[in-house]
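First up is the structure itself, then whatever we jot down about it.
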Amino acid sequence: MTVSKTAIGRESGLSLRQQRIRAAQWFLAPMLIALFCVAAYPLLKTIWFSLTDTSLNNLSGGKFIWFDNYFRMQTLSNGAVRYKGTLVDPAWWNAVWNTVRFSVVSVVCETVLGLIVALVLNAEFKGRGFVRAAILIPWAIPTIVSAKMWAWMLNDQYGILNDMALNLGLISSKIAWTANADTAMYAVLMVDIWKTTPFMALLCLAGLQMVPRDIYEAAKIDGINPVKVFFKITLPLIRPALMVAVIFRMLDALRIFDLIYVLTPNSAATKTMSVISRENLIEFDKFAYGSAQSTLLFAILAIFVSLYIWLGKVDLSGEGGK
Amino acid sequence: MSFGFKSRFMRSAAAIAVLAAVGTPVLAEEIFVVSGATGSDLQDFPAIVKPWEDKTGNKVTIVPMPSSTSDQFGQYRLWLAAGATDIDLYQTDVIWAPQLAEHFVDLSEAGKDLIAANFPSIIQSQTVNGKLVALPIFTDAPALYYRKDLLEKYGIEVPKTWDELTAAATKIQEGERAAGSADFWGYVWQGNAYEGLTCDALEWVKSFGGGQIVEADGTISINNPKAIKALETAAGWVGTISPEGVLAYGEEEARGVWQTGNAAFMRNWPYAYALGNGDDSAVKGKFEVTTLPYGAEGDASAATLGGWNIAVSKYSEHQEAAVSLAVYLAGPEAQKMRAIMETHLPTIQALYDDPEIAEKSPIIPQWKNVFLNAVPRPSAPTLGKYNEVSSKFWSAVHETLSGNGSAADNLAGLEADLTDLKGDAW
């Protein structure tokens, strides 16, 4: 009796703050459950699959085999030892290298171009609203559609790019953009930069508009030249916004799939981590092996983001400066 | 929302009224067929399926997929693994049977009459452990398309060996370019890194006497001097008689160059015959077909066995209607329409003696012997690992054609990879 009486007493004796926290928990619960179902569960399931020998024809029939999909030693009948698994698979490391190369080059180009576009759009001129909307078109087109469109533009025989370059005298013979291993990566980079620069421009523009105008006026009165203004005032002030924009793009670039799948699906020169894991998951009879590669992709992304946030001191809480 | 409901309601009411008027005893079912889009297959499909729709009162909807067989396979495998009920019938490639067998209905009972009428080897290719996985709807064996007007113009015989082809293509290409066609090419084929390159390269290797990658008994035979010679020959075409872009061409891209009159020779499947003679074709009436060339005297021409089949999903909710449709699509009536409209080779023996087909698609009776001697891809001995074998083969070939490593090195590497993949047994 006394126990329950105390309990009730405690129940009603909750402070306002505690009551608020409890209410907040109830309101958050549906979202957390939804997040668990759509994010955590698939992730955990993939990690589980990567530790088994599951095949796509029988998803529930896998046996637990520890880390054999990642790394295992095999002793052949003649006594020689062989190493197998994703971690010693040259195709996987080639894909990792391709992905990293692609991400770094594309994000650097997009950031620089995006910033330039944003600076232009930040200036006052007639029809600015229209230009701001128009520049978003490449970003608004679904990737599959724009990739197909570019595939035709890059076509060696009827492509408009070859035609224009030939007529301008830039090239002497038609280039097989997507077929040639040397140009395949450039073709993919070109399309990605075309597509994603507007996104970067938009995020940079948002950052630029946060910069108080009076600082510029002060600089103008002091007669500082515009280049110095950019590096000493603009850049430091938009740095937090820029860092967040870069991390979004980097995450996107590291898991690039659709563009490459449409433009150069089977070329070893452009195969990325996502492309190779899909190939193993679905096309080859190696579902668990592909799961192991997906898990590694997740791990690489997680490590990268943690490092970036830690080294760049990025503030993701949105309370910068407080 | 209310409008949508109302119109849908009205539509179904109208449908019921029509049905009642016609007096169909059962409610019509809607059957979904998924198929890749190559040539005019999808445009012709409604006409082919119309008689069945009229007879049964059911409706057939086609779900289009990309032309590349590798792309189709990935999607189908995913749907089937998930037990998707949305698709009732799948159009399947000849090489898929062992990999997808367990997801399809056994058609040996329903297709009894067809089995007897078909070529036994084709039925055999679709039978896995006694289960008939799919019914063949057409078979395929590629041809060498050549411009007879240009061969006459330059006084060249139809080439029999690959060397003769190379020489002929070079001569015509030089002549046509000098005459002002800057985009003219000697020979176009399928060089993209996908299943189609496996077909093309298997033909080169086999016609040089270099075996068929993995032999019927499971031995890996690809690393041999003849296969190396074959790949070296093909690598010599890229950038000379074939555009460098051929390394990204599938069937339709090659046909694009050919059908606009920009190539002297093309390797392609028979479907390009009807399309090449269409009214919008620049080469209408100007070309002929022959068997693919061979390496040297003493070797034989080789054509990769292709072909498509129709399979009924185990997860279909309209199985009875779906099986009936499959039997119709694989039956003589549909095959004849396909032969005439799309020059697809029938799998029913009697159709090769059909006078109407012989008149409208003369390539078909001519092609009977070609496909009867066609080389199968090693999907039977390699079982579930076929896709990986094929992918490793086309990658090695694509590397060689792109100039990354010599044919000898790439094939030695391929042999090691395949041995690794094989392990103790396929």
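The values are calculated or read from the model by the stated rules, or taken from the named source; none is laboratory data. Just so it is clear, the model here is predicted, and its values are computed rather than measured. As a convention, Cβ positions derive from the backbone with ideal geometry for all residues, glycine included, and neighbour counts pool all protein chains shown. We work out accessible area using only protein heavy atoms, side chains counted, and drop any ligands, DNA or RNA first. Shrake-Rupley method; radii C 1.70, N 1.55, O 1.52, S 1.80 Å.
One residue stands out among those in segment B:164-196 that are more than 14 Å from chain A (Cβ to nearest Cβ) and without any contact (Cβ under 8 Å) to a residue 40 or more places away in the chain: the one that is least open to solvent (accessible area, probe 1.4 Å), which is B:Gly175.
So B:Leu231 ticks every box in (1) open to solvent by less than 30 Å² (accessible area, probe 1.4 Å); (2) within 12 Å of another protein chain (Cβ to nearest Cβ) but one. Which box is left unticked? Against the list (1) open to solvent by less than 30 Å² (accessible area, probe 1.4 Å); (2) within 12 Å of another protein chain (Cβ to nearest Cβ), B:Leu231 comes up short only on (2).
Out of segment B:272-288, which residues are open to solvent by 10 Å² or more (accessible area, probe 1.4 Å), in contact (Cβ under 8 Å) with a residue 40 or more places away in the chain and under 22 Å from the mean Cα position of the chain (by Cα)? If the condition is that a residue be open to solvent by 10 Å² or more (accessible area, probe 1.4 Å), in contact (Cβ under 8 Å) with a residue 40 or more places away in the chain and under 22 Å from the mean Cα position of the chain (by Cα), then B:Tyr273, B:Ala274, B:Leu275, B:Glu288 are the ones that fit. Residues in segment B:255-275 that are within 21 Å of B:Thr161 (Cβ to Cβ) and within 12 Å of chain A (Cβ to nearest Cβ): B:Ala263 only. Considering each residue of segment A:163-186 in turn, at least one proves to be crowded, with 23+ Cβ neighbours inside 10 Å, within 14 Å of another protein chain (Cβ to nearest Cβ) and not in a loop (DSSP other than H, G, I, E, B).
Across segment B:236-263, the number of residues qualifying as under 17 Å from B:Ser395 (Cα atoms) and open to solvent by 30 Å² or more (accessible area, probe 1.4 Å) comes to 1. Residues that are more than 14 Å from chain A (Cβ to nearest Cβ) and within 18 Å of the chain's Cα centre (by Cα) do occur in segment B:348-359. Among residues of segment A:279-297 being polar (S, T, N, Q) and farther than 23 Å from B:Trp426 by Cα, the one that is least open to solvent (accessible area, probe 1.4 Å) is A:Gln293.
For B:Glu102, indicate whether it is within 14 Å of chain A (Cβ to nearest Cβ), under 19 Å from B:Ala322 (Cα atoms) and open to solvent by 40 Å² or more (accessible area, probe 1.4 Å). So B:Glu102 passes the test. Only a single criterion out of (1) within 15 Å of B:Lys148 (Cα to Cα); (2) open to solvent by less than 30 Å² (accessible area, probe 1.4 Å) is not satisfied by B:Asn268, namely (1). When each of B:Lys206, B:Lys226 is tested for being touching a Gly at 6+ places or on another chain (Cβ under 6 Å), open to solvent by 10 Å² or more (accessible area, probe 1.4 Å) and under 28 Å from B:Ala380 (Cβ atoms), the lone residue that passes is B:Lys226. What about B:Leu202, is it among the hydrophobic types (A, V, I, L, M, F, W, C) and under 17 Å from the mean Cα position of the chain (by Cα)? When the stated conditions are applied, B:Leu202 passes them. Scanning segment A:117-144 for residues that are touching a residue at least 24 places away in the same chain (Cβ under 8 Å) and aliphatic (A, V, I, L, M) gives A:Val117, A:Ala118, A:Leu119, A:Leu121, A:Ile135, A:Leu136, A:Ile137, A:Ile141, A:Ile144. Regarding segment B:48-66, can at least one residue be identified that is under 27 Å from A:Glu279 (Cα atoms) and either open to solvent by 60 Å² or more (accessible area, probe 1.4 Å) or at pLDDT below 90 (or both)? The answer is yes; a qualifying residue exists. Looking at segment B:263-290 only, could you name the residues that are out of contact with any Pro (no Cβ under 9 Å at 6 or more places or on another chain) and among the polar types (S, T, N, Q)? B:Asn277, B:Ser281 - these are the residues of segment B:263-290 that are out of contact with any Pro (no Cβ under 9 Å at 6 or more places or on another chain) and among the polar types (S, T, N, Q).
If you go through segment B:393-426 and keep only what is open to solvent by less than 30 Å² (accessible area, probe 1.4 Å) and hydroxyl-bearing (Ser, Thr, Tyr), you end up with just B:Thr400.
Checked against the criteria, A:Leu254 counts as surrounded by 15 or more Cβ atoms within 10 Å (Cβ to Cβ), of a type outside the set (Gly, Ala, Ser), over 30 Å from B:Ile95 (Cβ atoms) and away from chain B (no Cβ under 14 Å). Taken together, the residues in segment A:56-82 that are within 29 Å of the chain's Cα centre (by Cα) and more than 13 Å from chain B (Cβ to nearest Cβ) amount to 5. Residues that are more than 14 Å from chain B (Cβ to nearest Cβ), on the phi < 0 side of the Ramachandran plot and touching a Leu at 6+ places or on another chain (Cβ under 7 Å) are absent from segment A:48-55. Residues that are closer than 26 Å to B:Thr38 by Cα and open to solvent by 10 Å² or more (accessible area, probe 1.4 Å) within segment B:123-136 comprise B:Ile123, B:Gln124, B:Ser125, B:Thr127, listed in sequence order. When the helices (runs of 4 or more DSSP H) confined to segment B:309-389 are screened for residues that are surrounded by 20 or more Cβ atoms within 10 Å (Cβ to Cβ), those reaching at least 2 such residues are found at B:319-329, B:332-342, B:363-372, B:379-382. Would you check which residues across segment B:387-408 are on the phi < 0 side of the Ramachandran plot and within 9 Å of another protein chain (Cβ to nearest Cβ) and list them? Matches in segment B:387-408: B:Asn387, B:Glu388, B:Ser391, B:Trp394, B:Ser395, B:His398, B:Glu399, B:Ser402, B:Asn404.
If I filter segment B:310-317 for residues that are within 27 Å of B:Leu275 (Cα to Cα) and more than 13 Å from chain A (Cβ to nearest Cβ), do I get at least one hit? Checking segment B:310-317: at least one residue is within 27 Å of B:Leu275 (Cα to Cα) and more than 13 Å from chain A (Cβ to nearest Cβ). Output the number of residues of segment A:257-270 satisfying the condition of being at the interface with chain B (Cβ under 10 Å from one of its Cβ atoms), closer than 20 Å to B:Pro66 by Cβ and surrounded by fewer than 24 Cβ atoms within 10 Å (Cβ to Cβ). The total comes to 5. The set of residues in segment A:116-162 that are within 30 Å of A:Leu208 (Cα to Cα) and in a loop (DSSP other than H, G, I, E, B) comprises A:Ala123, A:Glu124, A:Phe125, A:Lys126, A:Gly127, A:Ile135, A:Leu136, A:Ile141, A:Pro142. Of the residues screened, B:Leu411 is not one that is in contact (Cβ under 8 Å) with a residue 60 or more places away in the chain, within 11 Å of chain A (Cβ to nearest Cβ) and over 20 Å from the mean Cα position of the chain (by Cα).
Per the listing A:Ile276, A:Ile300, A:Ile309, the residue uniquely among the aliphatic types (A, V, I, L, M), surrounded by fewer than 18 Cβ atoms within 10 Å (Cβ to Cβ), at pLDDT 90 or above and in a helix (DSSP H, G or I) is A:Ile300.
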